[in-house]
Structures are given as structure tokens and as C-alpha cells.
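The structure appears right after this line, and notes come after that.
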Amino acid sequence: MTPLPLLDPGINIAAQGFSPLLTGLLAAGGDLDSLPVYLTIVIFLYLGFHPKYGIRLAVLFGIAGGLNEALKIFFHLPRPYWVSAAVKAYYSVPSFGFPSAGAMCSTVVYGYVAVVVRRHWVVLACTVLLTWAVLARIFAGVHFLLDVLGGLAFGALLLLLFLVAAPKTEAFAAKLSQPARLLCIVVVAALPLIVTIPAYLSLTGWRLPGEWVAMAANQTGAMIDPVRIRYAWESSGLIFGSLLGYEFLIRRGGWEPPKRVLVRGVIATAGAASALALIDWITRELSAAGPVIPSPIVPLVSLALAGFWFTACVPLTARCCLENMRKLAL
């Protein structure tokens, strides 16, 4: 049976055969679609631009990650290198293909930054990074054209809805009591799991085609296991920790980024580096406990603690240091 035009691996084959140099360069953009990259952008926006916009992006990114995983599981479509030996896979991806997480998350993250910052060089940089991240999925052989188009569409729709809803939601939350606000934080943090678990349950009784598994293993040497919840746990953890930290920060006077760009950059860089190091350390420590700690708890806890760290601990520490430096200068 002839595949649908947008699900034709021939597009990937043609793209990869156009220029080996170009293919290698674009495929390297796959690293742009990673938690460390997105989290670094969130932290720089939070600590270096304005906490209000940074916390919104943290929540938006978390929701996008959970929704993308739910959609992937619900549609359970393959990736090009799972079905065609002629498509070269530049790396292994164990999850389903549609819609592309790289296209969807890049759209919400880079799109939100461009809308909020509104500086020509920022908009240009976001456009380049988004384009690179999207093309990388095609040239790396891990997504069909349909996958990236679907990711762009879902990402753009989510971004538009979030831009409209976020200010109204914050205005509503501001009128609530502290216990009610904490309950709202729990509910919002649970959204990635709320949308993903039903999609996962819908695949009860469905069997992963053996041809997909064999083809993927032959291509990359790695096994695929797409029928499981991976990213919704870390998405929920990020939202919970970030919102809780932001609430803690606001009740202690908030955070106003310094006027000097260099100081902002130092604080944001230290915040991003320490948050990523914290995630790595917690993940290793919890994973070392083996079966004592269920595997979903590891990303949930590590992202929650990292979220609280960069939204509350880093800005409060930086504020204290800057105040002491001003006193010494006087």
C-alpha cells in the first residue's frame, strides 16, 4: 500500500541525500530539542528578564510536554526509521512519532520568548532555532513531514490559547486564599498526567508491531519502548516545583533582575548550571536506590526540586548577595 504523502519516508530519504554536509549540520540540531536546552531558556527568562514571564514559560513548557506525550500515545504512529531501512537514523528515539515534540515544544518555547521579549535580534534567533529544530527532525530520520507539521500546529494552538488564558488565570488566582492557591498549583501541575494517563490506558491490548522493533534495533542498535509514560512525570514535577517556588518568592518580596546586563547574565548562568547539576545529582542518587523508588518518582522529584531551586532559592540568594554588596559599597 502506498503511504500517505506526508507519511512517506521517501521525503526523509530525499532530504538526507540532498547534501551529506547539510544533513549532518541540520541533524545536529536534534540537541536543541532537549530538557537542558529548554530549561536553560526558561531560567534565563525568569532570572534575566522577568520572573512573571519565566514562570509562565515554565508552566507552558510543562503543559506542552505532557500534551505532546498524550498525543503521541493516542495516535501511536511510527517514526521513519522504524519502517524504512533506507532512512538513516542519526540517533534513537523510543517514543512514538506524531506529533513531533521538537516542533511542538520549540514552537511554544521560542514562540513565547519572541512574543514576550519583542526585540529584533531575539525574534530572529528564535526563528532560526525553531527552523533548525524542525528541519533536524526530518534530516535526522526521526520524523515524517506529517509529524513536524502536526507539532507546529499543536504548538501554535497551545501557545495562542496560553497567551489568552494565562493573564486571566493569574488574576483569578490572585484573589484566592493561600490554601486555595496551593490547591490550584497541585491541579495545574497534575495536568500533564491528567491528559497522558487516559491516552496510555486507551492502548490496553494494543501490541507494538514486531517489524517496528526489529527495524529500529537494526538501525540504531537500541530497543524502542513507546507504550509507556516518560515525560509527563518530569513535566508535572517542573510545573509543581516552579509554581511552588514562585509562590514562595512572591511572599518574600519577589525578585527584580538587576539593571546591569552582565550581572543578570552571571546570575542566570549560575541558576541554569546549578539547576541542571541538581537534576543530574538527584537523578543519580534516586536511581541508585534501585527498585526501592519507583522509576516515575525520579523525574518527578528531580524536576520539582530543580524548579523550586531556580524560582526561589537562586533569586533569593542573589538578592541577598546584591544587598550585602550595596551595603559594603556604602
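What list do you get for Trp121, Trp233 if you sort them by fewest beta carbons within 10 Å?
Trp121, Trp233
Based on DSSP H assignment, which helices of the chain show an axial Cα extent of at least 18 Å together with a mean Kyte-Doolittle hydropathy greater than or equal to 1.6?
Once both thresholds are applied, what remains is 35-48, 101-117, 120-139, 145-174, 178-201.
May I ask you to derive the FRET efficiency for Leu183 and Ala289 from their Cβ-Cβ distance with R0 = 30 Å, giving the value to the nearest 0.05? Intermediate results must be reported in sequence, preceding the final value.
On the way: r = 30 Å, r/R0 = 1.01.
FRET efficiency, Leu183 to Ala289: 0.50.
For log10 I(q)/I(0) by the Debye sum over Cα atoms at q = 0.08, 0.14 Å⁻¹, the listed values are [x] -0.40, -1.15; [y] -0.35, -1.11; [z] -0.39, -0.95; which was obtained by calculation from the structure presented?
[x]
Taking 0.36 nm per residue of separation and subtracting the Cα-Cα distance, what length does fully extending Ala277 through Ala217 add?
18.5 nm
Please compute the modelled spin-label separation between His50 and Leu25, points set 7 Å along Cα→Cβ, answer in nm with one decimal.
3.7
Mind sorting Thr311, Thr283, Thr196 by how few other Cβ atoms lie within 10 Å of their own Cβ, fewest first?
Thr283, Thr196, Thr311
Among the lysines, select those whose C-alpha is under 23 Å from the C-alpha of Lys52, and discard any that sit fewer than 8 residues away in the same chain.
Cross-link targets: Lys168, Lys175, Lys259.
With n ≥ 4 as the cut-off for DSSP H runs, can you work out [θ] at 222 nm for the chain, using -39500 (n - 2.57) per run divided by the number of residues, rounded to the nearest 500?
When only DSSP H runs of four or more count, the value is -24000 deg cm²/dmol.
Of the listed peptides 22-31, 138-147, what is their order by residue-averaged count of other C-beta atoms within 10 Å, with the highest listed first?
Those peptides, ordered most packed to least, come out 138-147, 22-31.
Taken together, the values in this text are just the output of simple stated rules run on the coordinates, not laboratory data. Worth saying up front: this structure is predicted, and the values here are computed from it rather than measured. Ideal geometry is used to build each Cβ from the backbone, glycine not excepted, and the neighbour counts take in all protein chains shown.
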